[in-house]
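Below is one structure; the comments refer to it alone.
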Amino acid sequence: MTLKTQAEKKYLRDWLRRLPPRWLFRLFAWFGFKPAPMKALIDASAFMLPQWMYTAIKLDIPELLLQRPRSARELAEELSLSADRLVRLLYALEQHGYFKRVGRRKTNHDGNQLDGVWEHTALSAVLSEKHPNTIRAIVLHWIEDCYAPSGTLLHAIKADGCAFRLHHEGQFKGFFEDYLSTFPEQSRQFSNAMSATSAFTDEAVLRDFPWSRYEHVIDVGGSNGSFLELLLERCPKMKGTIFDLEEVIVGARTVWSEKPSQLASRVTLEAGSFFDVNTIPKLPESSAFVLRNILHDWSDDECLSILSNLRQAMPSEKSTLVLIELGLGFDANGHVLEQARSTIDMLMMTMFDGRERTRTHFENLFKQTGFELKSITSTRSVAHVIEATPI
């Protein structure tokens with residue numbers, strides 16, 4: 001018989017065969033207490049929940065229930081689906097706070113006690129594309145573009161490679177390099193997902209950082225300019241430039257042609273790439289390059305290239321580089337914001353070979369590209385505003 005190590009004595013406790021009294025069991029369950037094996041099992045099963053949410057979205061259930069509450073039987077008839085399968089989907093989502101039954105009886109006229117009249121909850125409502133804080137496009141992007149590559153994570157870690165590229169077996173150079181251009185619909189969906197993601201940070205970033213000191217802002221990788229529009233509305237004396245790839249700027253021109261003239265007249269649009277220094281617009285004095293969630297998409301080597309190119313386009317030391325990034329290690333372990341950041345960090349590793357970065361990471365990148373870290377401002381969101389100046 002082998003002696004147990006200290007670690008074995010500490011951690012290898014049998015939780016499942018030492019049952020509490022029934023009253024205590026029910027009390028623990030009521031308050032949501034979960035012994036370690038149950039918590040781990042529930043965490044492991046979490047891969048299914050996004051699929052349930054995705055299925056509901058693709059079936060337009062969030063939109064249908066905005067029109068009026070319905071039973072699963074009614075929904076099934078409208079969608080030509082099995083009522084039994086649909087009610088089980090809704091019931092599973094209900095256990096996580098998505099959708100709820102109102103005025104339900106123990107057993108309805110079909111004999112299915114799980115059915116009832118279904119309506120939205122605050123959680124399920126954000127699955128609708130009409131919600132001001134919708135996550136619909138994010139869920140679609142995560143499931144259709146990211147879910148399958150995440151199954152290659154083990155191989156990617158062993159091979160020290162990108163799971164997305166390994167999953168597609170060399171068919172694509174990368175997500176940004178040629179995947180999106182191959183699938184225009186996925187490209188549009190990704191843009192919508194990024195706009196939806198920005199809603200989680202934009203208001204806090206705009207309010208919690210002193211933007212008015214800049215006379216001109218160049219939004220690098222600014223897409224259709226949704227952030228710049230909000231910024232210019234808050235800073236009426238500021239001018240702005242949207243800098244992005246040619247195909248993105250084509251769409252942005254259409255968007256800005258429909259904006260009020262007093263706002264659109266303060267905006268210029270320039271096409272190019274931050275990997276091509278010759279296409280990057282020169283930054284005036286008292287102005288800033290702004291990169292929102294750009295560097296986390298790229299490896300350190302690629303970030304060094306991006307930052308070096310931007311530094312060459314900053315002739316004045318009175319100009320500023322402003323990064324809006326999530327970062328890592330800024331809050332305590334287990335903090336809800338740090339949980340969110342580490343989750344996105346793993347997504348960056350899976351899809352782009354990118355990463356969320358610590359303060360030390362940013363300092364090292366800046367030192368190698370001619371910048372000095374000036375400040376890191378926390379916001380009332382998951383994001384930080386990182387300010388650096390040329391040296």
Fluctuation leader among Ile218, Ile61, Ile157 - the chain, Gaussian network, Cα springs under 10 angstrom: Ile157
Dipole of region 1-147, positive end: most advanced residue of Pro21, Asn133, Phe47 [Cβ charges, Cα centre]: Pro21
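Counting other Cβ atoms within 10 Å, keep those with at most 12, restrict to DSSP loop, and tell me which GluC sites (Glu not before Pro) in region 317-346 are left.
Details: sites: Glu317, Glu325, Glu338; in loops: Glu317.
For GluC sites (Glu not before Pro) across region 317-346 that sit outside H, G, I, E and B with at most 12 neighbouring Cβ atoms in 10 Å, the list reads Glu317.
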For Arg357, residues with placed amide H under 5 Å, excluding near neighbours: Gly327, Leu328
Using θ = phi - 60° and Karplus 6.51 cos²θ - 1.76 cosθ + 1.60, couplings along region 175-186 (whole Hz; Gly, Pro as x): 4, 7, 5, 8, 5, 5, 5, 6, 10, x, 5, 5
Among Thr268, Ile249, Tyr214 - extreme Cα towards positive end, dipole of the chain, charges at beta-carbon: Tyr214
Net length gained if the chain between Glu77 and Lys4 were fully extended (0.36 nm per residue, minus Cα distance): 20.3 nm
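From the Cα gyration tensor of region 47-125, with a ≥ b ≥ c the square roots of its eigenvalues, which class applies: rounded if a/c is under 1.5, or else prolate if a/b is larger than b/c, or else oblate? Before the final figure, lay out the partial values.
Values: a/c = 1.38, a/b = 1.31, b/c = 1.05.
Verdict is rounded for region 47-125.
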15 Å reach of a label modelled at Phe275, 7 Å along Cα-to-Cβ, counting backbone N of region 195-237: 221
Calculated [θ] (222 nm, deg cm²/dmol) that DSSP helices of n ≥ 4 give over the chain, each run adding -39,500 (n - 2.57): -12500 deg cm²/dmol
Spin-label proximity, Arg188 to region 208-241 - amide N less than 20 Å from point 7 Å beyond Cα toward beta carbon: 223-226
Where chymotrypsin sites (Phe, Trp or Tyr not before Pro) fall in DSSP loop in region 26-116, at most 10 other Cβ within 10 Å: Phe31
Distance violations [Cα-Cα > 21 Å] among Lys58/Lys173; Lys34/Lys100; Lys237/Lys374; Lys239/Lys282; Lys4/Lys39: Lys58/Lys173; Lys34/Lys100; Lys237/Lys374; Lys4/Lys39
DSSP bridge pairs, the chain: antiparallel proportion in percent, nearest 5: 45 percent
Amide H contacts under 5 Å for Lys239, placed H, 5+ residues apart: His216, Val217
Derived scalar couplings ³J(HN,Hα) [region 234-240; Karplus, 6.51 cos²θ - 1.76 cosθ + 1.60; whole Hz; x for Gly, Pro]: 7, 10, x, 8, 7, 10, x
Residue exposure sequence - Trp256, Trp23 - by fewest surrounding Cβ within 10 Å: Trp23, Trp256
For Gly370, distant residues with modelled amide H under 5 Å away: none
Inter-part distance where region 204-219 and region 331-375 are each reduced to a Cα centre, Å: 21 Å
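With a ≥ b ≥ c the root eigenvalues of the C-alpha gyration tensor of region 136-192, is it rounded (a/c under 1.5), prolate (a/b larger than b/c) or oblate? Mind showing how you got there, number by number?
Values: a/c = 3.00, a/b = 1.55, b/c = 1.94.
Oblate, because a/c is 1.5 or more while a/b does not exceed b/c.
Give the residue list of trypsin sites (Lys or Arg not before Pro) in region 118-190 that are DSSP loop and have at most 16 other beta-carbon atoms within 10 angstrom. Each step should come with its number before you reach the end.
Details: sites: Lys130, Arg136, Lys158, Arg165, Lys173, Arg188; in loops: Lys130, Lys173.
Those that pass, being in a loop and sparsely packed, are Lys130, Lys173.
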Dipole magnitude (debye, nearest 20) for the chain, charges at Cβ of Lys, Arg, Asp, Glu: 2100 debye
Check: region 161-228 dipole with +1 on Lys, Arg Cβ and -1 on Asp, Glu Cβ, in debye: 60 debye
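Rule-based calculations on the coordinates, nothing more; no lab input. As the structure is a computational prediction, the values presented were derived from the model and not from experiment. Using ideal geometry, Cβ is built from the backbone for each residue, glycine included, and neighbour counts are taken over all protein chains shown.
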